[in-house]
Amino acid sequence: MLDASLRYFHQAAEVLGLSTNIREILVTPRRVMKVEIVTEGDDGLLSRHIGFRVQHNNARGPYKGGLRYHPAMDEDHASALASLMTWKTAIVNVPFGGAKGGISCDPSKMSVVDLDRVTRTFVERTKEIMGPTLDIPAPDVNTNPEVMAWIMDEYSKYEGFSPAVVTGKPVHLFGSVGRDEATGRGVMYALREALRDQGKKLSDITVAIQGFGNVGSHAARLIAAEGGTIVAVADHLGGVSKPDGLDVPALFAWAGQHHTVDAFPGGDAFDCSEIITWPADVLIPAALEDAITADHAPDVQASIIIEAANGPTTPEANDLLHKRGVTIVPDILANAGGVTVSYFEWAQNIQQFRWEIDRVNAELEKVMIRAYQDVRDVAAKRKIDLRTASFVLGIQRVGIASLSRQHARVPIDLS
Ligand code: NAD
């Protein structure tokens with residue numbers, strides 16, 4: 001992830017003709033905080049974890065990014081993900097910067113009470129750099145609305161009532177309606193716009209989806225509702241296909257009950273490893289990093305890939321697919337619906353006001369269409385692919401803000 005994000009950054013910096021000096025300024029995180037978290041476990045023994053927060057850039061607004069609880073969480077990983085948040089918030093043009101953080105721990109081996117203690121200690125250690133106008137965390141791998149509620153509660157003990165310190169909260173605790181489906185909804189809009197460029201509609205295409213968790217399931221549901229034909233879906237336990245289209249509402253209900261699409265009676269079963277090369281017009285990877293590799297690239301049948309997951313295509317596969325003429329709508333554009341509705345949640349919290357679902361969805365649609373068109377226009381103007389264009393647009397917006405705030409007299413052309 002670190003290598004890939006740096007590589008794409010430098011490709012875009014090359015297009016923009018940025019000097020080494022400016023590249024260094026834009027790529028270096030502004031602050032990295034590492035804290036020790038010592039808590040007493042249920043067994044009375046002390047346990048120790050390391051927590052991180054990487055604040056990459058806040059030129060366009062407060063730092064924004066998820067908190068990940070995972071044994072492999074470290075500073076390098078957090079730094080790469082933090083920089084991607086900076087470019088992503090700039091592409092959708094919401095007033096945030098980029099950050100990422102987390103705790104190196106294994107939540108599957110911890111009780112809820114343990115997790116609560118660890119989270120609250122993390123807040124206690126990092127509260128000076130967090131806040132509604134400073135840095136606003138959100139859920140990421142192994143964190144959820146419940147954890148966000150603990151963060152809001154703990155931070156508010158020190159600073160007073162502060163719902164806007166964190167997003168992705170439960171709807172009954174100052175969360176936003178529409179946040180749970182926002183990333184999948186944004187994926188649907190990104191696909192719809194990419195198809196429009198090719199003179200097609202959602203009702204013209206077949207779709208294969210890897211992953212049927214939060215993002216994949218809502219994307220499937222919304223694409224099907226707009227007339228798209230979902231021909232295959234796979235999760236980590238298995239896949240299910242139907243050439244004339246799966247009954248997605250029934251599959252959604254099945255997965256809600258069984259926590260997998262495996263054994264869904266409304267289609268034919270297949271091995272989940274086959275999903276990447278499934279015969280469909282569109283492939284939506286919505287599961288893992290590095291899901292599409294150079295080995296898959298020659299056999300991918302889709303002509304459009306919408307990257308719902310973060311980093312699902314390896315750089316080698318990206319190059320091979322690009323040469324084959326496959327259109328890739330990159331993660332930092334395609335999955336930005338989540339952070340966009342996080343921005344709406346923050347705005348509602350600041351205003352002490354609640355939006356109706358229709359307003360959330362209509363505003364999200366406007367943001368995603370604008371972002372897609374902005375990226376598409378950069379790609380057309382500079383004759384580059386959508387991924388490089390996304391980085392170019394993000395770097396331009398962040399670069400102009402950073403340099404005009406910090407180094408107003410440096411003559412630099414980022415146009
Ligand atoms: P999730 O945990 O809800 O779902 C993940 C899905 O991937 C599950 O269905 C799981 O079975 C499946 N999966 C795991 N390994 C697989 C394999 N080997 N083959 C097939 N399927 C496999 O996660 P999510 O929230 O839906 O996130 C999915 C991706 O989208 C992640 O990369 C995440 O970083 C990214 N993302 C999520 C959001 C969000 O708002 N949730 C926002 C931006 C990006």
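Annotations
- Residue 397 vs. criteria in contact (Cβ under 8 Å) with a residue 40 or more places away in the chain, exposed (fewer than 13 other Cβ atoms within 10 Å of the Cβ) and in a helix (DSSP H, G or I): no
- Residue in the stretch 275-308 that is farthest from residue 203 (Cα to Cα), counting only those that are within 10 Å of the ligand (Cβ to nearest atom) and surrounded by fewer than 20 Cβ atoms within 10 Å (Cβ to Cβ): 289
- Scanning the stretch 211-232 for residues that are touching a residue at least 40 places away in the same chain (Cβ under 8 Å), of a type outside the set (Gly, Ala, Ser), crowded, with 24+ Cβ neighbours inside 10 Å and touching a Gly at 6+ places or on another chain (Cβ under 7 Å) yields a single hit, 215.
- When the stretch 310-340 is limited to residues that are within 10 Å of the ligand (Cβ to nearest atom), small (Gly, Ala, Ser) and at pLDDT 95 or above, the one that is surrounded by the fewest Cβ atoms within 10 Å (Cβ to Cβ) turns out to be 338.
- Candidate set: the stretch 246-262, residues that are in a loop (DSSP other than H, G, I, E, B) and within 12 Å of the ligand (Cβ to nearest atom); chosen: the one most open to solvent (accessible area, probe 1.4 Å): 259
- Taken together, 243, 265 contain a single residue that is over 23 Å from residue 200 (Cβ atoms), away from the ligand (no atom under 14 Å from the Cβ) and either open to solvent by less than 10 Å² (accessible area, probe 1.4 Å) or part of a loop (DSSP other than H, G, I, E, B) (or both), which is 265.
- Taking every residue in the stretch 270-296 that is assigned by TED's automatic domain parsing to the domain that holds residue 187 and pairing it with any residue that is small (Gly, Ala, Ser) and at pLDDT below 95, at least 6 positions away or on another chain, the pairs with Cβ-Cβ distances below 7 Å are 289/311; 290/311.
- For the stretch 186-239, a tally of residues being within 11 Å of the ligand (Cβ to nearest atom) and part of a loop (DSSP other than H, G, I, E, B) returns 5.
- Count - residues of the stretch 122-142 that are in contact with a helix residue (DSSP H, G or I) (Cβ under 9 Å, 6 or more places away or on another chain) and polar (S, T, N, Q): 2
The values are calculated or read from the model by the stated rules, or taken from the named source; none is laboratory data. It should be emphasised that the depicted structure is a prediction, and the values quoted were computed from it without experimental measurement. In this analysis, Cβ positions are derived from the backbone assuming ideal geometry, glycine residues included, and neighbour counts consider all displayed protein chains. Calculation scope for accessible area: heavy atoms of the full protein, side chains included, ligands and nucleic acids excluded. Shrake-Rupley method; radii C 1.70, N 1.55, O 1.52, S 1.80 Å.
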